[in-house]
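Participant: Here it is: the structure, laid out below.
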Amino acid sequence: MGEMEMDDVRRSIRAFPLAAALLAFHVPAGAAAPEPADILIADGTVITMDPARRVIEDGAVAIVGNRIAAVGTTAELKARFHPREVIDARRKIVMPGLIDGHGHAGHELLKSLGADSDDWNDIAERMYAHASTPDFWRADAMLAGLERLKFGVTTSVNFFGGGADVYRVDDPKYGDAYLNGVKDIGVRWFLGVGPRRGPYPSIFTEWNGAAHHDVAVPFGQQIAVSETLIRKWNGAADGRVKMAVVFPTISPDQKLEGAALDEVKREAHAARDLSKRYHVLFLQDGHTRGTVKYANDVLGLLGPDAIFSHATNLTDEEIRLIASTGTRISHNPSAVFSMMGRNPATELIDAGAVVMLGSDGVAPDRSFDMFRHMFQATRYHRYYFHDPKVLPAGKVLEMATIDAAKALGMEKEIGSLEPGKKADVILVDWFKPHLVPMNMPVYRIVYYANGEDVSTVLVDGRVLMRDRKVLTVDEDKVLTAAQRESDLAIHRAGLEKYTAMPEGFWGKTRLPDQKAK
């Protein structure tokens, strides 16, 4: 406390003798006065994820501004701090906010469409490139932010589109609408923008009411739009919004050569240069056997600022390449991609690579519930090795918290409850039938908890949800807008038939192939 602040205190004591008497009563002579704090979360079971991986049974977290001031026992912190607000964490687990390492914008509004057919990429193309509007993207962002918030996911990484690398980068207005929606929710968000998969120019559809027309957008314009969004939004919303650059994963099976190979190299270098000039993450989706080696040897894309998603069926050489270059991996155990091949997460971790968990978005058949994906990760690898000791609960929780923070280059800011870090904190109610008895809290979190157990969420020291009540937005309005924009986009794209149950849905052990003619 500075001298001027002390003068203010002395004047208050002289003006209010009762306050002086109370102060003298509560602070013994010679004892230090309690430190001010904005919030004290007290009487909870604190899973810190700090370097010692402390679990404090009667624990507390003190918050000053947007940062954690102290973590310790409730008795210690109540004696040390005089908080403006106390959050009662009795019968709650207090832990860092979860991190979703890989998702897709647009998924919220096409959940389940194409889940029972082979038309998923076509559906994404029609929805994102030809049926979406700024209102669509804003509604999707707010629904995604709301779902993640209610599930305790305080930070996430998202590609601005999906399917076969369909990113809406023909005009900045789409990204602007999306990020304005994210900003309103209050969580942390990485948005990856960049050129969609070629050939170029790419065709997009602009809508004005019922009227629409197609536009052809060359590679250079898509890079320019991406740069415009990065310049405007990276670090926005008090640093909660961060941008990234995406570029399609190139397979050696494409057998590019000559001018075609030279052109892909030029495009890849342009995207990678954009990420390096603005010091933002570089993202690629859908890596599998052979593509990591190609990305390294031919395109020169690996590095500690690069995150490769899925990374299935890797060779031993590719595992070594990832570890030696510091390239990060997002493992998505619940994704369709993970059914087609195995991500060698345990081998990557043992080789020294940083691996985090991701949801892969919510379409066609998942949710943003990272508790669900943690549980799935344990089963995924234990089944492969036929060994229940593989990937213990503690390691899985690291992959969704501190390891994920390291993958994002943010381990000094988030991912654990430690003094000086950002106050991204969630409270999980474990006084419930599926979580009691209240012992072995890390096991309960990974094996038994679900997103609906999250009761309170803070990001940057701000309470965004309290006792399941979201404080930043009107939940009913977010859901209503999402329903409206999904209905409109499905109609514009002509996808109504995919909302019906397909032939063979009931009574069969396998659906027939449903590829559209």
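The values are calculated or read from the model by the stated rules, or taken from the named source; none is laboratory data. All values reported here derive from a predicted model rather than from experimental measurement. Using ideal geometry, Cβ is built from the backbone for each residue, glycine included, and neighbour counts are taken over all protein chains shown. Quick note on the areas: whole protein, heavy atoms, side chains included, nothing else; ligands and nucleic acids left out. Shrake-Rupley method; radii C 1.70, N 1.55, O 1.52, S 1.80 Å.
Participant: If we scan the stretch 134-142, do we find a residue that is open to solvent by 10 Å² or more (accessible area, probe 1.4 Å) and of a type in the set (Asp, Glu)?
Facilitator: Yes, there is a match, as at least one residue in the stretch 134-142 is open to solvent by 10 Å² or more (accessible area, probe 1.4 Å) and of a type in the set (Asp, Glu).
Participant: Further, regarding this structure: Looking only at the stretch 240-254, how many residues end up being touching a strand residue (DSSP E or B) at 6+ places or on another chain (Cβ under 8 Å) and open to solvent by 40 Å² or more (accessible area, probe 1.4 Å)?
Facilitator: Within the stretch 240-254, residues that are touching a strand residue (DSSP E or B) at 6+ places or on another chain (Cβ under 8 Å) and open to solvent by 40 Å² or more (accessible area, probe 1.4 Å) number 1.
Participant: Go through (1) part of a loop (DSSP other than H, G, I, E, B); (2) surrounded by fewer than 24 Cβ atoms within 10 Å (Cβ to Cβ) one by one and return the number of the condition residue 272 breaks.
Facilitator: Answer for residue 272: the failing condition is (1).
Each row is one residue, and each column tells you yes or no for (1) free of Cβ contacts under 8 Å to residues at least 40 places away in the same chain; (2) among the basic types (Lys, Arg); (3) closer than 27 Å to residue 336 by Cβ.
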position	(1), (2), (3)
84	no, yes, no
92	no, yes, no
95	no, no, no
105	no, no, yes
114	no, no, yes
127	no, no, yes
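Participant: Could you tell me which of the residues 324, 334 is in contact with a His (Cβ under 7 Å, 6 or more places away or on another chain) and either over 14 Å from residue 377 (Cα atoms) or part of a loop (DSSP other than H, G, I, E, B) (or both)? Can you show your working first?
Facilitator: Details: 324 fails: in contact with a His (Cβ under 7 Å, 6 or more places away or on another chain).
Matching residue, one of 324, 334: 334.
Participant: Search the stretch 286-311 for residues being of a type outside the set (Val, Ile, Thr), at negative phi and in contact with a helix residue (DSSP H, G or I) (Cβ under 6 Å, 6 or more places away or on another chain), and hand back the single one that is most open to solvent (accessible area, probe 1.4 Å).
Facilitator: Looking only at the stretch 286-311, we keep the residues that are of a type outside the set (Val, Ile, Thr), and these are 286-287, 289-290, 293-297, 299-306, 308-311.
Filter once more, keeping what is at negative phi: 287, 289, 293-297, 299, 301-302, 304-306, 308-309.
Applying the additional criterion that residues be in contact with a helix residue (DSSP H, G or I) (Cβ under 6 Å, 6 or more places away or on another chain) yields 293-294, 296, 299, 301-302.
Numbers: 293: 76, 294: 32, 296: 45, 299: 5, 301: 0, 302: 26 Å².
Checking each candidate, the answer is 293.
Participant: Something else now. Residue 203 versus (1) in a loop (DSSP other than H, G, I, E, B); (2) farther than 30 Å from residue 404 by Cβ; (3) open to solvent by 60 Å² or more (accessible area, probe 1.4 Å): which is the lone unmet condition?
Facilitator: Failing condition for residue 203: (1).
Participant: Then there's this: If the requirement is being open to solvent by 10 Å² or more (accessible area, probe 1.4 Å) and either in contact with a His (Cβ under 8 Å, 6 or more places away or on another chain) or free of Cβ contacts under 8 Å to residues at least 40 places away in the same chain (or both), which of these qualifies: 224, 237? Write out each step before concluding.
Facilitator: Details: 237 fails: either in contact with a His (Cβ under 8 Å, 6 or more places away or on another chain) or free of Cβ contacts under 8 Å to residues at least 40 places away in the same chain (or both).
The match here is 224.
Participant: Among the residues of the stretch 477-517, write down those that are open to solvent by less than 100 Å² (accessible area, probe 1.4 Å), of a type outside the set (Gly, Ala, Ser), assigned to a helix (DSSP H, G or I) and closer than 18 Å to residue 136 by Cα.
Facilitator: Result: 478, 479, 480, 485, 487, 488, 490, 492, 496.
Participant: Checking the structure you have, find out if any residue of the stretch 427-444 is out of contact with any helix residue (DSSP H, G or I) (no Cβ under 8 Å at 6 or more places or on another chain), part of a helix (DSSP H, G or I) and closer than 15 Å to residue 356 by Cβ.
Facilitator: The answer is no, given that none of the residues of the stretch 427-444 is out of contact with any helix residue (DSSP H, G or I) (no Cβ under 8 Å at 6 or more places or on another chain), part of a helix (DSSP H, G or I) and closer than 15 Å to residue 356 by Cβ.
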